[in-house]
Each structure stands twice: as C-alpha cells, then as structure tokens.
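Enquirer: Could you have a look at this structure, given as structure tokens, before my questions?
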C-alpha cells in the first residue's frame, strides 16, 4: 500500500530526494525540463513539461504520490502544490 502524504510532506520528501540524489544527475543537462519524483520509490522521470514527466513516471508507477518540479537554477516548487491541490502555493527553498 502506498503512503498518503500531506502537501508539506510531499514538498519535504520530494525536495530532499532532489537535493540528495537527483540535482547532480539532472543539472545542468536537463535544465528547463520537468522532473516527476515518485515519493515512495524515489524513482524519477523527466519530460518537456509536467504532463509528459507525469506520464513517464506513471508508466513505471501507476499509483503513489508525486512531486513535479522544474529542473534548473530556479525550480518552480509551487508546481507540486498546483498539481495536487489545484491552487497556487508558494514554497520557499
């Protein structure tokens, strides 16, 4: 069974995974693209935009919660909140 995380937990877990495991792998080669991180497995997929990244990770993990964010120097952390909650939310790094 998949864990159910709050938006704050999604943000914390996803950003921690990105910082610890993915940033050095994805930047700068993937800058400007979007990464989708599956929170339970910490696996990821990238795409040109959030729908493409989401479809790619859902091919591997059909269920579970995701963090989606822009890759690069100025990632858009609010993308995850908009995707999950349907409303804007600013997150400070």
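Enquirer: Please go through region 57-93 and pick out each residue that is surrounded by fewer than 14 Cβ atoms within 10 Å (Cβ to Cβ), modelled with pLDDT under 95 and assigned to a helix (DSSP H, G or I).
Expert: Of everything in region 57-93, just one residue is surrounded by fewer than 14 Cβ atoms within 10 Å (Cβ to Cβ), modelled with pLDDT under 95 and assigned to a helix (DSSP H, G or I), namely 85.
Enquirer: Of all residues being under 14 Å from residue 70 (Cα atoms) and without any contact (Cβ under 8 Å) to a residue 12 or more places away in the chain in region 1-24, which is surrounded by the most Cβ atoms within 10 Å (Cβ to Cβ)? Just the residue, please.
Expert: Once the filter is applied, the top-ranked residue is 23.
Enquirer: For region 28-56, give me each residue that is surrounded by 15 or more Cβ atoms within 10 Å (Cβ to Cβ) and on the phi > 0 side of the Ramachandran plot.
Expert: Correct list: 42 only.
Enquirer: Here is a follow-up. Output the number of residues of region 25-56 satisfying the condition of being under 12 Å from residue 71 (Cβ atoms), at pLDDT below 95 and assigned to a helix (DSSP H, G or I).
Expert: Here the count works out to 1.
The values are calculated or read from the model by the stated rules, or taken from the named source; none is laboratory data. Since we're looking at a predicted model, the values are computed, not measured. As a convention, Cβ positions derive from the backbone with ideal geometry for all residues, glycine included, and neighbour counts pool all protein chains shown.
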